[in-house]
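Here the structure comes first, spelled out in structure tokens, and everything after it is commentary.
The values are calculated or read from the model by the stated rules, or taken from the named source; none is laboratory data. What you see is a predicted model; the values in this text were computed from it and never measured. Counting neighbours? That spans all protein chains shown, and the Cβs are built from the backbone with ideal geometry, glycine included. Remember, those area values only see protein heavy atoms, side chains included, never the ligands or the DNA or RNA. Shrake-Rupley method; radii C 1.70, N 1.55, O 1.52, S 1.80 Å.
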Amino acid sequence: MSDKSSAELFDRLLSAQLAFASAPSIGALTDVCRQLSLDLGFRHFVYALRVPTNFANARLIILDGYPPEWVQRYFACAYHDHDPVMAYCSNQVVPICWSDLTQSLSGPSRHMMADAAAHGLVDGVTAPVHSPQGELGVFSLASDAAPEEARRVAVSALPWVAMLAGHLHEAVRRVSGLLQQPTPDLSPRELECLRWAADGKTSSEIAQLLGMSERTVNFHLQNAVHKLDVANRQHAVVKAAATGLIQPKPF
């Protein structure tokens, strides 16, 4: 790539970053992603945000630029249970080229990636973004070129995708209202009791650790249950941890 074309690409990507910051809707963000995908040499894209409303069926927000038939097949075949890219994103923070994952795959995961390639998703790059409130964002760009060319495009795009994924993630959270979403106002004592409960401590043990009565501990935990709108203290601990209300100390 020449210095001129590199400068032109940088200007386009900077424009995409600014467009993410000012886009008023999911539709507008989808349009920015579509142009960004083309600028980086890809035909397809998708951004998915998983919001941890609950564990059985979390809320999904999707900016969809994938082939419709593939999206239908992906969910119909429950490929999300075997998707090696999603498995990677759940536990990592740096972007990855798909072909770096597929070399060691076997079984259902290998079949899923082969099926994706047959639907025009030959290789790509994906960036995970993790939020303090427990959301997981996944930004993927996919090429339908021959494997060698698709690999080249994916590798070339890796640093750009790493740079832009966080800006897209924050923009989706903004237009979806997640940044303005109120969080339960738990008191310091309620949070402290939840942290110890998350470590498996009983009310009696928490009372000894915090220098209060067991009845007071139960009072704080019951208040947390009410404020979090959950069924019991175990549910309260899970929700507080999933949404980032309680985290391991320090900081």
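Listed values, structure above:
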quantity: Under 15 Å from K201, Cα to Cα: aspartates and glutamates that are on another chain or at least 8 residues apart; calculated: E190, E192, E214
quantity: Whole-Hz couplings from phi, Karplus 6.51/-1.76/1.60, listed for the stretch 47-63; x for Gly and Pro; calculated: 10, 10, 10, 9, 9, x, 5, 7, 7, 6, 7, 5, 6, 10, 10, 10, 9
quantity: Global geometry of the chain, whether rounded, prolate or oblate, following the gyration tensor of its Cα atoms and the 1.5 cut on a/c; calculated: prolate
quantity: Per residue accessible area of the chain, 1.4 Å probe, in Å²; calculated: 54 Å²
quantity: Full-extension gain in nm, A21 to R59, via 0.36 nm per residue minus C-alpha separation; calculated: 11.4 nm
quantity: Residues with amide H under 5 Å from that of I246, placed H, sequence gap 5 or more; calculated: A241
quantity: Share of carbon and sulfur in the accessible heavy-atom surface of the chain [1.4 Å probe, %]; calculated: 55 percent
quantity: Three-way shape call for the stretch 1-76 based on the alpha-carbon gyration tensor, with the a/c threshold at 1.5; calculated: prolate
quantity: Degrees, to the nearest 10: 3-22 long Cα axis against longest axis of the chain; calculated: 40 degrees
quantity: Between helix 147-175 and the chain: long-axis angle, C-alpha atoms, 0 to 90°, nearest 10; calculated: 40 degrees
quantity: Debye log10 I(q)/I(0) for the stretch 131-232, one point scatterer per Cα, at q = 0.18 Å⁻¹; calculated: -0.89
quantity: Amide H within-cut-off set for Y66, under 5 Å, with H built and near neighbours excluded; calculated: F45
quantity: Cα gyration tensor shape for the stretch 63-191, rounded if a/c is under 1.5, else prolate or oblate; calculated: prolate
quantity: Sequence ranges 146-155, 51-60, 74-83, ranked by mean other-Cβ count within 10 angstrom, highest first; calculated: 146-155, 74-83, 51-60
quantity: Computed [θ] at 222 nm, helices only, for the chain once each DSSP H run of length n ≥ 4 contributes -39500 (n - 2.57); calculated: -17500 deg cm²/dmol
